Amino acid sequence: MARVLIVGAGIGGDSLALLLGRAGWDVTVAEIAPSLRTGGQTVDLRGDSRDVLERMGLLETCLERLVPQRGAAWIDAAGHPQAEMPVSAFDGQGLVSSHELLRSDLSRILNDAAARHATYRFADTVTALTGTRATFRSDGATEDFDLVVGADGAHSRVRTLAFGPEADYRKPLGLAHAWFTLVEQPTTPALDGWFLIHHAPGSRVVEARPGHPGEQEIGFTFPAANLPPRSDRQAQLTLLDTVFTDVGWRTRELLTAARTAPDFAFDTYDQILMPHWTHGNVALLGDSAWCASPLSGLGTALALQGAESLAAALLTHADPAAAFAEYESQMRPRVTTAQKMFPGRVKAAAPRTPLGIRTNALVMRLVQTPPVAAALTHLMRPEIPTPTPQPS
Ligand SMILES: Cc1cc2nc3c(=O)[nH]c(=O)nc-3n(C[C@H](O)[C@H](O)[C@H](O)COP(=O)(O)OP(=O)(O)OC[C@H]3O[C@@H](n4cnc5c(N)ncnc54)[C@H](O)[C@@H]3O)c2cc1C
């Protein structure tokens, strides 16, 4: 039974902590935030995530937290829908599904389960790694572990300490995004279950989607040029104000709300490309190893699969080298597929011109016309199994 340090209490880190802790391993998790991080948009329970959560015994709990959603709608500056895609589109395989829960709820469910089997050090991280000897920031103490796993996101400190600088592995996709939770006021326009997307010229996107009752999850996407440091909140808010100053719809209201949001977050759309995810007895998991970017829509599925794969390999092989080889061979094909983007994917996420924006709405309507929808539904079916109905 090994002693393992997991850095990062996110989706991957908590999943691994649960699986190894349950098997009797001595698990410590160091999370830099003072408590479990909240915020973030929805996580899709179609396909692989569902299967992993079922094997973990957490699917039923997740299904109790589904967000009631009616679909996605692309709206113009006056708030009028230009295209809609209900959750029923493509036999339930469309952009938004009725099988989604908030990332923060999934994170809480995983953490509640893992906390029974692991020791958590919140508001802490590692400042140095010598092999698997870790120095903790909170008290400067040094501890020896058999294994160290970096599950600390796309800007992983473990990766920097054990594998080298982020710039060696980061592939920026040219967009940035900001997101936060809006607490509805009596004057806040209701979403009525719709995920609303407003495209403005200049590759700017403003989104509002359903969250917990009384809340909306807000997102801004824009071209990533001359960004302020990730730690400078004030400069980020000022940049958002500048970039979105002339954008219509609810943009003014949402920019104001961003200023007081407790979970405001800001980052670039990046991929992390690494030839290997392990070095000695240090391994990377999730976004720290292979961030596919939010555009892939697969970050959570990969983190869950990666945790399951790494745990199974470690529990099977006494030799970490053999376990890591199995982990890499299982995850590499999935990651390679997830990181492949069809040509024009980034531009399609944020069309630049008024013509591009109109074309996007037209395409969203066209793909739902009966003959095209039937063909696309057929094409999608082998890849994404139809979810079973949610228990009432
Ligand atoms: C609050 C939040 C909101 C998100 N919202 C979205 C979203 O809306 N859409 C989307 O596509 N993806 C979102 N993500 C990313 C998404 O969770 C991941 O892509 C995916 O789940 C992979 O999980 P992961 O475990 O690799 O990383 P994450 O789930 O991101 O977890 C990483 C964890 O590591 C912690 N951490 C970071 N640095 C350190 C450090 N130096 N030391 C210790 N701990 C550290 C973080 O606080 C976090 O808890 C969000 C992530 C977070 C943390």
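The values are calculated or read from the model by the stated rules, or taken from the named source; none is laboratory data. The model shown is predicted, which means the values in this text are computed figures rather than measured ones. For neighbour counting, all protein chains shown are included, and Cβ atoms are generated from backbone atoms with ideal geometry for every residue, glycine included.
Any residue in the range 116-125 that is over 24 Å from the mean Cα position of the chain (by Cα) and assigned to a loop (DSSP other than H, G, I, E, B)? Scanning the range 116-125 turns up at least one residue that is over 24 Å from the mean Cα position of the chain (by Cα) and assigned to a loop (DSSP other than H, G, I, E, B). Does the range 31-46 hold any residues that are more than 6 Å from the ligand (Cβ to nearest atom) and at pLDDT below 95, and which are they? Residues satisfying the conditions are 38, 42, 43, 44, 45, 46.
Scanning the range 86-130 for residues that are out of contact with any strand residue (DSSP E or B) (no Cβ under 9 Å at 6 or more places or on another chain) and farther than 23 Å from residue 19 by Cα turns up 90, 91, 92, 93. Please identify the pairs in which a residue from the range 188-210 that is part of a loop (DSSP other than H, G, I, E, B) has its Cβ atom under 7 Å from the Cβ atom of a residue that is of a type in the set (Ser, Thr, Tyr), counting only partners at least 6 apart or on another chain. That search, which allows pairs on different chains as well, returns 201/353. The helices (runs of 4 or more DSSP H) found entirely in the range 268-358 that carry 1 or more residues being within 20 Å of residue 4 (Cβ to Cβ) are 287-290, 299-316, 320-339. If only residues of the range 1-22 that are more than 10 Å from the ligand (Cβ to nearest atom) and over 14 Å from residue 146 (Cβ atoms) are counted, the one that is surrounded by the most Cβ atoms within 10 Å (Cβ to Cβ) is 17.
The listed residues are 339, 305, and the only one of them that is in contact with a Lys or Arg (Cβ under 7 Å, 6 or more places away or on another chain) and of a type outside the set (D, E, K, R) turns out to be 305. Is it the case that residue 28 is within 15 Å of the ligand (Cβ to nearest atom), within 30 Å of residue 319 (Cβ to Cβ) and either part of a loop (DSSP other than H, G, I, E, B) or polar (S, T, N, Q) (or both)? Against the criterion (within 15 Å of the ligand (Cβ to nearest atom), within 30 Å of residue 319 (Cβ to Cβ) and either part of a loop (DSSP other than H, G, I, E, B) or polar (S, T, N, Q) (or both)), residue 28 qualifies. Checking each residue in the range 211-252 for being within 18 Å of the chain's Cα centre (by Cα) and either in a helix (DSSP H, G or I) or more than 25 Å from residue 84 (Cα to Cα) (or both) picks out only 230. Considering (1) over 27 Å from residue 252 (Cα atoms); (2) among the aromatic types (Phe, Trp, Tyr); (3) crowded, with 17+ Cβ neighbours inside 10 Å; (4) modelled with pLDDT of 95 or more, the lone condition that residue 122 does not fulfil carries the number (3).
Looking across the range 191-235 at every residue that is of a type in the set (Ser, Thr, Tyr) and either on the phi > 0 side of the Ramachandran plot or modelled with pLDDT under 95 (or both), the one that is surrounded by the fewest Cβ atoms within 10 Å (Cβ to Cβ) is identified as 231. Condition check: away from the ligand (no atom under 14 Å from the Cβ) and assigned to a helix (DSSP H, G or I). Does residue 84 satisfy that? Answer is no for this residue. Within the range 116-133, residues that are within 16 Å of residue 283 (Cα to Cα) and free of Cβ contacts under 8 Å to residues at least 60 places away in the same chain reach partners that are more than 10 Å from the ligand (Cβ to nearest atom) and hydrophobic (A, V, I, L, M, F, W, C) with beta carbons closer than 8 Å, at six or more positions or on different chains, in the pairs 128/134; 133/145.
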